Amino acid sequence: MTKALLSYGRQAIDDDDIAAVVETLRSDWLTTGPAVERFEADVCAFTGAKHGVAVSNGTAALHATMHALDVGPGDEIIVSPMTFVATANCVLYQGGIPIFADVDPDTLLIDPKMVEAAVTPRTKAIIGVDYAGQPCDWDALHTIARKHKLALVADACHAIGAEYKGRKTGTLADISVFSFHPVKHITTGEGGMCLTDDEKLADRMRIFRNHGITTTAIQREKTGGWYYEMAVLGYNYRITDIQCALGSSQLKKLRGWISKRNDLARAYDTALAETAVRPLKKRNDGIHAYHIYVARVPERDIVFKRLRDAGIVANVHYVPVHLHPYYREKLGPKEGLCPVAETAYKEILTLPLWPGMEAADVKRVAFTLR
């Protein structure tokens with residue numbers, strides 16, 4: 001009998017989620033309505049951030065962040081190469097220049113020493129990536145940002161529910177960004193959110209997500225007015241009430257899911273302890289959200305194929321951004337720019353991990369690896 005395909009990640013939807021979506025479908029608002037405001041408030045209450053701006057996806061959240069910080073042509077933004085391309089692409093959208101700073105070999109988090117070395121007079125901001133769900137060394141990044149008067153951004157798309165020295169992600173930078181793609185901790189189908197304590201930055205992002213228009217439909221509904229103005233060139237990065245109803249329902253289960261992800265990660269650690277597979281190091285100053293479980297694996301590509309043949313769908317996160325053809329051709333970075341990330345890329349493998357998995361699934365993966 002063929003075993004079921006075991007994916008590296010997937011969503012978890014229950015009857016409460018479905019009921020929340022159906023209730024919204026029967027309401028008067030399907031987009032830009034009260035469910036959006038409620039989801040923003042719910043995420044702020046969970047994280048402790050003052051302002052949340054929900055948008056259509058994590059990439060839109062990153063782009064809105066660059067707009068809010070007034071990134072423009074020639075501005076340099078320091079980013080990690082070990083991330084999804086959107087982290088660097090959002091800089092390009094505004095005409096800025098991504099400057100890649102290498103990562104720590106044990107955690108694959110951006111290395112503060114490399115960040116410091118990358119600062120120039122044209123540097124405007126640092127984007128730290130909470131890779132795999134583990135927060136960066138935010139104290140070190142804050143020190144660098146204050147020293148050079150730079151903005152600090154947290155790409156926390158892997159890390160909702162994580163903590164750094166007692167503080168939740170969403171509150172660790174000037175602006176923090178979440179993603180709600182189906183393989184993330186909670187999902188809205190597609191969706192994202194920017195979080196900040198700065199009201200002016202929040203207002204800039206709200207206007208940007210709505211074509212640059214200064215009022216929303218629900219605001220005009222409340223005042224009984226119709227007039228609106230376009231103040232800046234924005235985008236349609238709005239998220240629907242349907243999606244946000246799902247997000248608010250999912251958020252209620254996040255703490256339990258983070259606990260389950262950590263249980264599964266510990267099970268992997270134990271099962272792989274006597275093998276040649278080397279999991280990434282876990283820092284001791286916070287709570288890991290374990291969006292993904294990443295390990296270094298000898299002969300990675302052969303192992304990847306054999307796992308797939310056994311019905312286990314692993315993945316690779318990521319090809320270092322500067323090695324993608326577009327970046328090579330347009331910006332000219334060469335192999336050797338970020339040697340730690342480049343070496344890690346040849347070895348890393350993302351193993352299945354999501355709340356619906358059980359201990360037996362971990363044993364199956366570990367047995368197959370051995």
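The values are calculated or read from the model by the stated rules, or taken from the named source; none is laboratory data. This one's a predicted model, so the numbers in the text were calculated from it and none came from an experiment. Cβ sites come from the backbone with ideal geometry, for glycine too, and all protein chains shown count toward neighbours.
One line per residue, one yes/no per condition, for (1) farther than 19 Å from Gly356 by Cβ; (2) surrounded by fewer than 20 Cβ atoms within 10 Å (Cβ to Cβ):
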site	(1), (2)
Gly212	yes, yes
Gln243	yes, no
Leu254	no, yes
Val294	yes, no
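For (1) on the phi < 0 side of the Ramachandran plot; (2) at pLDDT 95 or above; (3) surrounded by fewer than 24 Cβ atoms within 10 Å (Cβ to Cβ), each residue gets a yes or a no:
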{"residue": "Ala151", "(1), (2), (3)": "yes, yes, yes"}
{"residue": "Asp155", "(1), (2), (3)": "yes, yes, no"}
{"residue": "Pro182", "(1), (2), (3)": "yes, yes, yes"}
{"residue": "Gly189", "(1), (2), (3)": "no, yes, yes"}
{"residue": "Arg209", "(1), (2), (3)": "yes, yes, no"}
{"residue": "Thr215", "(1), (2), (3)": "yes, no, yes"}
{"residue": "Thr223", "(1), (2), (3)": "yes, no, yes"}
>> Given the condition assigned to a strand (DSSP E or B) and either modelled with pLDDT of 95 or more or in contact with a Gly (Cβ under 6 Å, 6 or more places away or on another chain) (or both), answer yes or no: does some residue in region 89-98 qualify?
In response: yes
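Among the residues of region 326-350, what is the count of those that are assigned to a loop (DSSP other than H, G, I, E, B) and exposed (fewer than 13 other Cβ atoms within 10 Å of the Cβ)? Walk me through how you get there before you give the answer.
Looking only at region 326-350, we keep the residues that are assigned to a loop (DSSP other than H, G, I, E, B), and these are 331-338, 346-347.
If we keep only those that are exposed (fewer than 13 other Cβ atoms within 10 Å of the Cβ) as well, we get 332, 334-336, 346.
Of the residues in region 326-350, 5 are assigned to a loop (DSSP other than H, G, I, E, B) and exposed (fewer than 13 other Cβ atoms within 10 Å of the Cβ).
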>> Anything in region 317-344 that is within 23 Å of the chain's Cα centre (by Cα) and among the aliphatic types (A, V, I, L, M)? List them, or say none.
In response: Val319, Val321, Leu323, Val340, Ala341, Ala344
> Can you name the condition, by its number, that Gly133 falls short on among (1) within 18 Å of the chain's Cα centre (by Cα); (2) surrounded by fewer than 21 Cβ atoms within 10 Å (Cβ to Cβ); (3) not charged (D, E, K, R)?
Replying inline: (2)
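Among the residues of region 298-325, what is the count of those that are assigned to a helix (DSSP H, G or I) and touching a residue at least 12 places away in the same chain (Cβ under 8 Å)?
In the first step, residues of region 298-325 are kept if they are assigned to a helix (DSSP H, G or I); the result is 300-309, 321-323, 325.
Narrowing further to those that are touching a residue at least 12 places away in the same chain (Cβ under 8 Å): 300, 303-304, 306-307, 321-323.
Count: 8.
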> So, in region 93-117, of the ones that are in contact (Cβ under 8 Å) with a residue 40 or more places away in the chain and over 24 Å from Lys282 (Cβ atoms), which residue ends up surrounded by the fewest Cβ atoms within 10 Å (Cβ to Cβ)?
Replying inline: Ile97
